[in-house]
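The block underneath contains the structure these notes are about, expressed in structure tokens.
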Amino acid sequence: MTRVFVTLMSIIAVMTSYAQDLQILGDNHVMKRVEVTEKYLLLPVQEKEETAGVTVIADNKVVQTFNVRLAVDKTDYWVPVDISRFGSKQLTLEVDFRGDRRQMGVIKDFVCWKEMRQSNTFDTTNRERLRPQYHHTPAYGWMNDPNGMFYKDGVYHLYYQWNPYGSQWENMTWGHSTSTDLIHWTPQPAAIEADALGTIFSGSCVVDGDRVVAFYTSAGKAQTQSMAVSTDNGMTFKKNATNPILTASIPDFRDPKAFWNDDAKVWNLVLSAGQEMRIYSSKDLKEWKYESSFGTGYGCHGGVWECPDLMKMPVKGTDKQKWMLICNINPGGPFGGSATQYFIGDFDGHTFTCEHKDTRWMDYGKDHYATVTFDNAPDNRKIALAWMSNWQYANQVPTMQYRSANSIPRDLGLFEYMGQTYCSVTPSPEMLPLRGKTVSKLPQACEIVVAVKGNTEVVLSNNRGEQVVMKYDAADNTFAMNREKSGDISFSEAFPVVTVAPVYGSMRQLRIFVDNCSIEAFDSEGKMAMTNLVFPSEPYNHIKVKEGKATIYEIKP
């Protein structure tokens, strides 16, 4: 009887404390007091709910604001908020729910209040069957565009658009990972976070002596360009006190890509402005002069132009050098949604002049976007990474602990075919050491090298009848990949598709990289690239090849 009484009193005490901590201010508005006892406050997330606006108040001052899909009747997962960094023993969370109260229910009964908790640790152990084995992914949360990539002192730095408070797009922050080989990535603390000018959209970094200078879009009431400087090799940044450094009176004005132009002996910066690219120059990385715009009458204009890059490269087998402008576009891709187009021509530090009128795609899959290159890469290599998803369904793909991966690293180049110059895309040489032993049965993570003999077909399948069919047509010089029966396609009508690419010249060897949720196919000489996500219910473990011979290399990163 005594034990029952004590238990009952404990429940009453918890309920009383719970009631005191939560203050109902309206149908969609609450305040919750938090006594800080541990490092993290773990917030319960339910993905189907609308975002709630959270304001964190310490000592009567706003110290952080963000959006999160707080759980109403079911917790899908938790996300951490580092509450120790605010230096206060008591915090107040002011929460505004944006959903319809008639559908959400009574605010005091929401699951989030009961399942919110504190901890000194946050478990990022992989819980996802489909998480890639050798592609970069965030430890948790949403990721899209690669940002600010650079190489310095033997280390590659990859920043990326990141939501620390959920696995769908929101709260854009520069996440950060580092690598010495472009394959094995170490998560680092967030590099650049939101401020009074807005959340942190895409941008670039340049290595300027001992400094690393970042340029990024501040996305507030307007999109403006800001600058930050790192003196510790990109681990932390100090924002420019007089941000923004560039403004415009148009809504889509973003994604600055800066680089040193050794020909003109100036810094150049190219950024997207609606459906054109604007080019600027500077002598000191601070004051920027508008030079010109490019876009009218060239390429695809089905959507907004984004994430530019501009570089000079030699043309293989010749003594020529030409410039290439990368332009990512959404929507308007060759098979719907987002994709990467490019333009070949000349650039004099002021104006980019394109030499062709046709639209050219860097990758003919559905899942290759926001492609940009590393600044200061060794041997003047142009090493690119892409976001391996598509805006048509990126928020709905069947993972939850995290969403999205980057492509494998690719080296870009130029080659000539029938009097025209095209971009070549080849797997970076860092992929070769990943090759393990050759096997006869298809492993979950592998590289397949196919000796192509005329019309060649490669079919990957599993015991449930799920399959991906790849075909090279030697007469038409085209390569196609069919993922209509690849596995889970239920999350989007835009997902089941056959993608088709031109091959500029005969294909002799095909390289196919298979990971848990992706297939990337390349002509070994760089004349074709195709990147597609797949979500099989079990790994593909069978391969059939017609009119060709396949060598399968195990990959164990």
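The values are calculated or read from the model by the stated rules, or taken from the named source; none is laboratory data. Quantities reported herein were computed from a predicted structural model and do not represent experimental measurements. Cβ: placed from backbone, ideal geometry, glycine included. Neighbour counts: every protein chain shown. We work out accessible area using only protein heavy atoms, side chains counted, and drop any ligands, DNA or RNA first. Shrake-Rupley method; radii C 1.70, N 1.55, O 1.52, S 1.80 Å.
Kindly state which strands (runs of 3 or more DSSP E) lie completely within the range 314-425 and contain at least 2 residues that are among the aromatic types (Phe, Trp, Tyr) and open to solvent by 10 Å² or more (accessible area, probe 1.4 Å).
410-417
Return the residues of the range 398-452 that are charged (D, E, K, R) and modelled with pLDDT under 95; say none if nothing qualifies.
Lys441
With open to solvent by 10 Å² or more (accessible area, probe 1.4 Å), within 21 Å of Ser167 (Cβ to Cβ) and out of contact with any helix residue (DSSP H, G or I) (no Cβ under 6 Å at 6 or more places or on another chain) as the only criterion, which of Gln90, Gln64, Gln23, Gln46 stands out?
Gln64
Asp263: closer than 19 Å to Asp348 by Cα and open to solvent by 10 Å² or more (accessible area, probe 1.4 Å), yes or no?
yes
Every residue, every condition in (1) within 20 Å of Thr478 (Cβ to Cβ); (2) crowded, with 24+ Cβ neighbours inside 10 Å; (3) under 24 Å from the mean Cα position of the chain (by Cα), yes or no:
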{"residue": "Val503", "(1), (2), (3)": "yes, no, no"}
{"residue": "Arg508", "(1), (2), (3)": "yes, no, no"}
{"residue": "Arg511", "(1), (2), (3)": "yes, no, yes"}
{"residue": "Ala521", "(1), (2), (3)": "yes, yes, yes"}
{"residue": "Glu525", "(1), (2), (3)": "yes, no, no"}
{"residue": "Met528", "(1), (2), (3)": "yes, yes, yes"}
{"residue": "His542", "(1), (2), (3)": "no, no, no"}
{"residue": "Ile555", "(1), (2), (3)": "no, no, yes"}
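Given the conditions (1) open to solvent by 20 Å² or more (accessible area, probe 1.4 Å); (2) closer than 27 Å to Ala196 by Cβ, which single one is not true for Gly302?
(2)
Which of the residues spanning the range 290-301 are in a loop (DSSP other than H, G, I, E, B) and of a type outside the set (Phe, Trp, Tyr)?
Within the range 290-301, Gly295, Thr296, Gly297, Gly299, Cys300, His301 meet the criteria.
Looking at Tyr156, is it part of a strand (DSSP E or B), in contact with a Leu (Cβ under 9 Å, 6 or more places away or on another chain) and modelled with pLDDT of 95 or more?
yes
The rows are residues; the columns are (1) within 16 Å of Pro187 (Cβ to Cβ); (2) among the charged types (D, E, K, R).
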| site | (1), (2) |
| --- | --- |
| Ala71 | no, no |
| Val79 | yes, no |
| Asp96 | no, yes |
| Pro138 | yes, no |
| Asn163 | yes, no |
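Name the residues in the range 430-470 that are outside any strand (DSSP E or B) and out of contact with any Pro (no Cβ under 9 Å at 6 or more places or on another chain), would you?
Leu432, Pro433, Ser440, Lys441, Asn463, Gly465 - these are the residues of the range 430-470 that are outside any strand (DSSP E or B) and out of contact with any Pro (no Cβ under 9 Å at 6 or more places or on another chain).
Scan the range 269-287 and report the pairs whose first residue is closer than 17 Å to Ser202 by Cα and open to solvent by less than 70 Å² (accessible area, probe 1.4 Å) and whose second residue is of a type in the set (Asp, Glu) and assigned to a strand (DSSP E or B), with Cβ atoms within less than 7 Å and a gap of 6+ or a chain change.
Leu271/Asp255; Ser272/Asp255; Ser272/Glu306; Ile279/Glu291
Select from the range 93-119 the residues that are open to solvent by 90 Å² or more (accessible area, probe 1.4 Å) and part of a loop (DSSP other than H, G, I, E, B) and list them in ascending order.
Within the range 93-119, just Arg98 meets the criteria.
Restricting attention to the range 204-245, and to residues there that are in contact with a strand residue (DSSP E or B) (Cβ under 9 Å, 6 or more places away or on another chain) and at positive phi, which single residue is most open to solvent (accessible area, probe 1.4 Å)?
If we take residues in the range 204-245 being in contact with a strand residue (DSSP E or B) (Cβ under 9 Å, 6 or more places away or on another chain) and at positive phi, then Asn233 is most open to solvent (accessible area, probe 1.4 Å).
So, of the residues in the range 93-142 that are of a type in the set (Gly, Ala, Ser) and closer than 20 Å to Ser167 by Cα, which turns out to be farthest from the chain's Cα centre (by Cα)?
Filtering the range 93-142 for residues that are of a type in the set (Gly, Ala, Ser) and closer than 20 Å to Ser167 by Cα, the one farthest from the chain's Cα centre (by Cα) comes out as Gly99.
Of Thr125, Thr55, Thr37, which residue is touching a Ser or Thr at 6+ places or on another chain (Cβ under 7 Å), surrounded by fewer than 20 Cβ atoms within 10 Å (Cβ to Cβ) and at negative phi?
Thr55
Does any residue of the range 508-527 turn out to be of a type outside the set (Ser, Thr, Tyr), modelled with pLDDT of 95 or more and over 19 Å from Ile408 (Cβ atoms)?
Looking through the range 508-527, at least one residue is of a type outside the set (Ser, Thr, Tyr), modelled with pLDDT of 95 or more and over 19 Å from Ile408 (Cβ atoms).
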